[in-house]
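What follows is a single structure, written as structure tokens, with notes after it.
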Amino acid sequence: MSTRALHLQVNGRHRSVAAPDGALLLEVLREQLQLTGTKQGCDGGECGACTVLVDGEPRLACITLAASVEGRSIETIESLGSHGRLSELQRAFHECLGTQCGFCTPGMVMAAEALLRRETKPTEAQIREALSGNLCRCTGYVKIIESVQAAVEAKR
């Protein structure tokens with residue numbers, strides 16, 4: 001398989017990598033850019049653990065070819081905090097116990113981040129819909145939904 005130079009905009013920085021033509025975004029983020037917050041779960045687009053934002057919209061990195069997002073804005077969980085501080089949403093997940101084991105958390109947070117950028121006061125139904133592509137194997141989602149709601153309240 002041949003490789004190609006990819007020019008990516010990741011977390012606000014221009015990054016260039018040499019990647020195989022069929023490289024998945026998840027592989028490039030984790031293995032080449034060392035952004036390991038994006039988790040590898042199902043490898044088939046079913047669990048949402050690898051959710052990142054591409055041009056502000058949630059995208060499953062495990063089924064996205066890296067070459068298909070060249071030149072677009074990619075945001076990972078690492079982009080949300082600032083100067084070692086958690087974002088409001090990350091803090092709410094921590095304080096409201098929405099993290100459970102933590103494996104699905106980056107994908108949940110990124111899916112919720114996309115929602116909160118579109119909708120400043122989402123309903124519980126909107127939160128559930130936004131998170132519907134993300135699976136948590138530890139919980140019944142109550143604390144996760146409460147975490148998103150707490151982040152909304154913190155911004156008021």
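The values are calculated or read from the model by the stated rules, or taken from the named source; none is laboratory data. This structure is a prediction, so every number in the text was calculated from the model and none was measured. Note: ideal-geometry Cβ built from the backbone for every residue, glycine included; neighbour counts use all protein chains shown. Quick note on the areas: whole protein, heavy atoms, side chains included, nothing else; ligands and nucleic acids left out. Shrake-Rupley method; radii C 1.70, N 1.55, O 1.52, S 1.80 Å.
Per-structure values
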item	result
Verdict on GLY48 being of a type in the set (Gly, Ala, Ser) and surrounded by fewer than 20 Cβ atoms within 10 Å (Cβ to Cβ)	no
Subset of the range 84-103 [in contact (Cβ under 8 Å) with a residue 60 or more places away in the chain and assigned to a helix (DSSP H, G or I)]	GLU88, LEU89, ARG91, ALA92
Subset of the range 12-58 (residues that are touching an Asp or Glu at 6+ places or on another chain (Cβ under 6 Å) and in a loop (DSSP other than H, G, I, E, B))	LEU35, GLY37
Residues of the range 102-130 satisfying the condition of being under 22 Å from LEU29 (Cα atoms) and of a type outside the set (Gly, Ala, Ser)	PHE103, CYS104, THR105, PRO106, MET108, VAL109, MET110, GLU113
Residue ID - surrounded by the most Cβ atoms within 10 Å (Cβ to Cβ), chosen from residues in the range 59-78 that are assigned to a helix (DSSP H, G or I) and over 12 Å from the mean Cα position of the chain (by Cα)	ALA66
Cβ-Cβ under 9 Å pairs, at least 6 apart or on other chains, the range 14-26 side under 20 Å from LEU60 (Cβ atoms) and open to solvent by 60 Å² or more (accessible area, probe 1.4 Å), far side of a type in the set (A, V, I, L, M) and in a loop (DSSP other than H, G, I, E, B)	ASP21/MET1
The range 81-99, residues that are more than 12 Å from LEU116 (Cβ to Cβ) and among the small types (Gly, Ala, Ser)	GLY81, SER82, GLY84, GLY98
Single match in GLY81, GLY45, GLY41 (criterion: without any contact (Cβ under 8 Å) to a residue 12 or more places away in the chain and either closer than 26 Å to GLU129 by Cα or out of contact with any strand residue (DSSP E or B) (no Cβ under 9 Å at 6 or more places or on another chain) (or both))	GLY81
One residue from GLY56, GLY81 being modelled with pLDDT under 95 and either more than 22 Å from ARG156 (Cβ to Cβ) or exposed (fewer than 15 other Cβ atoms within 10 Å of the Cβ) (or both)	GLY81
Pick from the range 104-121, criterion open to solvent by 90 Å² or more (accessible area, probe 1.4 Å) and either in a loop (DSSP other than H, G, I, E, B) or under 18 Å from LEU135 (Cα atoms) (or both), ranking: modelled with the lowest pLDDT	THR120
The range 122-141: number of residues that are surrounded by fewer than 13 Cβ atoms within 10 Å (Cβ to Cβ) and modelled with pLDDT under 95	2
